[in-house]
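Peer 1: The structure follows.
The values are calculated or read from the model by the stated rules, or taken from the named source; none is laboratory data. No experiment lies behind these values; they were computed from the predicted model shown. With ideal geometry, Cβ positions are generated from the backbone for all residues, glycine too; neighbour counts draw on all protein chains shown. Each accessible area value is taken on the protein alone, full model and side chains, heavy atoms only, with ligands, DNA and RNA left out. Shrake-Rupley method; radii C 1.70, N 1.55, O 1.52, S 1.80 Å.
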Number of protein chains: 4
Amino acid sequence: MDAIGTTRWVIPEGYIPAGSMAGADRTLRSHEAACILNTGDSEAHVQLTLFFADRDPAGPYTATVGPRRTLHLRFNDLTDPEPVPFDTDYASVIESDVPVVVQHTRLDSRAAEIALMTTMAYPVG
Amino acid sequence: MDAIGTTRWVIPEGYIPAGSMAGADRTLRSHEAACILNTGDSEAHVQLTLFFADRDPAGPYTATVGPRRTLHLRFNDLTDPEPVPFDTDYASVIESDVPVVVQHTRLDSRAAEIALMTTMAYPVG
Amino acid sequence: MDAIGTTRWVIPEGYIPAGSMAGADRTLRSHEAACILNTGDSEAHVQLTLFFADRDPAGPYTATVGPRRTLHLRFNDLTDPEPVPFDTDYASVIESDVPVVVQHTRLDSRAAEIALMTTMAYPVG
Amino acid sequence: MDAIGTTRWVIPEGYIPAGSMAGADRTLRSHEAACILNTGDSEAHVQLTLFFADRDPAGPYTATVGPRRTLHLRFNDLTDPEPVPFDTDYASVIESDVPVVVQHTRLDSRAAEIALMTTMAYPVG
């Protein structure tokens, strides 16, 4: 399949709740993810920049998505150059050297049950 | 009505939880769906390709959407060439021989209540 | 403000659960809505056509959105030419004689709690 | 980074439930937000106009988003020229003097648990 999508995507919403439901394992812990699909034949080298309300941006964070692979990248897992703070408004820009498609999700288990939300990220020319 | 939409759509997010709430019937069982609308006068022959984190793509899966019909296709129901694994990150590309419009949904009933999310799929040229 | 948006929108997902949580009033009863914004100076005359899995389309349903007004139109409230069946997959096309913007929502209270989902409808040229 | 996005965005859905779960603090109180990202080097001066079902629009409301900053603006916090009424259908148009990207969210805690929904706002040329 050819390489589908574009090379820059934006997600203005970002917020990882510090809390999670009792006994939550990794799958049920509160988290946000950028789901990245690389349909093409070349590795995608991805850079994320995080924006905040009251401080300078953090990053770049880097990730690699193999050819014909998807990476559901959890913002919770980002550590280099610094972890993503909990309970803090942020936003993200995702840049790739080859076309990809990006979808944003949050699983929120602060309360006793889970809540979900998703949207396609905003594609930039 | 004329045929509305485009012939290729992308959904980077994919994850079918293995678990469901107690006593869930088909409607309340955890599932993901590609809701496909074919407004035109010709049958839409649809092909789905699934992408994963660490293996080659699966498919093509095939489906047919009649003229002036909608098909809310559950990924859970796909079996040929192979079922979609539970608790596994995936992504999908949906291709049709005539224009269609595609929306993605998940109903998640892993916990005691249901959670929902939806987004329009990403339209390609 | 000028008239923003476009004159045709598509929502492939449609499903109104028959059930609702105990004691639900109108606001908490399971429902789906097409939220329509008309920013312009002329009345918007809107037509909805509903598509199904296994029967011919229903409609047109009609609605009017005043100039500089929003209408959050519940599919549950449609009765003419026929009510929208519960527990049934459907899809919709919304057409207007002036530009509008359309967003889709479902509030689902089949279980003891509510679940929400939303997406911008798909704009057609 | 250059200024990403566009200068006008539309959100047809708007509804802030008056009720919230017992003991909800600010983070868990029912609210809607416009998450605005300004990636550029200039301050973004933002104007919001709110539309209703049966009265003239309210606004403009104003906000500022610093260069390389994100503002997750709660509609609940708007007070000038008038507060946003609870339990009332509304819609919004967001205008900026520099390009921004806007995403809409609702956290709804009317019931005992939280529900979430999100979508990218509709970008206008």
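Peer 1: If you take the square roots of the eigenvalues of the alpha-carbon gyration tensor of chain D and sort them as a ≥ b ≥ c, do you get rounded (a/c under 1.5), prolate (a/b over b/c) or oblate?
Peer 2: Verdict is prolate for chain D.
Peer 1: Please list, in order along the range C:49-60, the HN-Hα scalar couplings obtained from phi with the Karplus expression 6.51 cos²θ - 1.76 cosθ + 1.60 (θ = phi - 60°), rounded to whole Hz, x for Gly and Pro.
Peer 2: 10, 9, 10, 10, 6, 9, 8, 5, x, 10, x, x
Peer 1: Considering only protein heavy atoms and a 1.4 Å probe, what is the carbon-and-sulfur percentage of the accessible area of the protein assembly as shown?
Peer 2: The nonpolar share, carbon plus sulfur, comes to 48 percent.
Peer 1: Over the heavy atoms of D:Leu107, what accessible area does a 1.4 Å probe trace out, to the nearest 10 Å²?
Peer 2: Accessible surface of D:Leu107 is approximately 10 Å².
Peer 1: Still on this structure: Could you tell me which of C:Ala53, C:His72, C:Pro83 has its Cα farthest along the dipole of the range C:18-92 towards the positive end, charges placed at Cβ (Lys, Arg +1; Asp, Glu -1), taken about the Cα centre?
Peer 2: Result: C:His72.
Peer 1: Report, by chain and number, residues whose modeled amide H sits under 5 Å from the one on A:Gly14, excluding near sequence neighbours (fewer than 5 apart, same chain).
Peer 2: It is A:Tyr90, by chain and number.
Peer 1: Under unit Cβ charges (Lys, Arg +1; Asp, Glu -1), what dipole magnitude, rounded to 20 debye, does chain A have relative to its Cα centre?
Peer 2: Roughly 280 debye, rounded to the nearest 20.
Peer 1: Taking θ = phi - 60°, what integer Hz values does the Karplus form 6.51 cos²θ - 1.76 cosθ + 1.60 yield along the range C:27-32, in sequence order, with x for Gly and Pro?
Peer 2: 5, 9, 6, 4, 7, 10
Peer 1: Using each residue's phi in the range C:119-125, evaluate 6.51 cos²θ - 1.76 cosθ + 1.60 at θ = phi - 60° and report the 3J(HN,Hα) Karplus result to the nearest Hz, with x for Gly and Pro.
Peer 2: 7, 5, 5, 8, x, 10, x
Peer 1: OK, next. At a cut-off of 50 Å², which residues of the range D:4-30 become less accessible once all protein chains are present than in their chain alone, using a 1.4 Å probe?
Peer 2: Correct list: D:Ile4, D:Arg8, D:Pro12, D:Glu13.
Peer 1: What does the convex hull of the Cα atoms come to per residue for the protein assembly as shown, in Å³?
Peer 2: Per-residue hull volume (Cα only) is 134 Å³.
Peer 1: Also: Comparing the chain by itself with all protein chains present, which residues of the range D:60-92 are at least 40 Å² less accessible (probe 1.4 Å)?
Peer 2: Hits at the 40 Å² cut-off: D:Arg68, D:Arg69, D:Thr70, D:His72, D:Asp89.
Peer 1: Let me ask another. At the nearest 100 Å², what buried accessible area, both sides summed, do you get for D and A when the probe is 1.4 Å?
Peer 2: Buried area between the two chains comes out at roughly 2500 Å².
Peer 1: Here's something else I'd like to know. Given +1 on the Cβ of Lys and Arg, -1 on the Cβ of Asp and Glu, and no further charges, what dipole in debye does the protein assembly as shown carry about its Cα centre, rounded to the nearest 20?
Peer 2: 480 debye
Peer 1: How far is D:Ala24 from the same spot in each other copy, in nm, shortest first, if each label point sits 7 Å from Cα toward Cβ?
Peer 2: Spelled out, the distances from D:Ala24's label point are 1.8, 1.8, 2.6 nm.
Peer 1: Something else now. Report the antiparallel proportion of the DSSP beta bridges in chain C as a percent, rounded to a multiple of 5.
Peer 2: 100 percent
Peer 1: Give me the 1.4 Å probe accessible area per residue for the range D:24-125, excluding ligands and nucleic acids, in Å².
Peer 2: That works out to 35 Å² per residue.
Peer 1: What list of whole percents do you get for P(r) of the range C:63-113, with Cα-Cα distances grouped in 5 Å bins up to the one holding the largest distance?
Peer 2: 4, 11, 24, 24, 19, 10, 5, 2, 0
Peer 1: Which of the residues in the range C:103-120 lose at least 30 Å² of accessible area when you go from the chain alone to all protein chains together (probe 1.4 Å)?
Peer 2: Buried by the other chains: C:Gln103, C:Arg110, C:Ala111, C:Glu113, C:Ile114, C:Ala115, C:Leu116, C:Met117, C:Thr118, C:Thr119, C:Met120.
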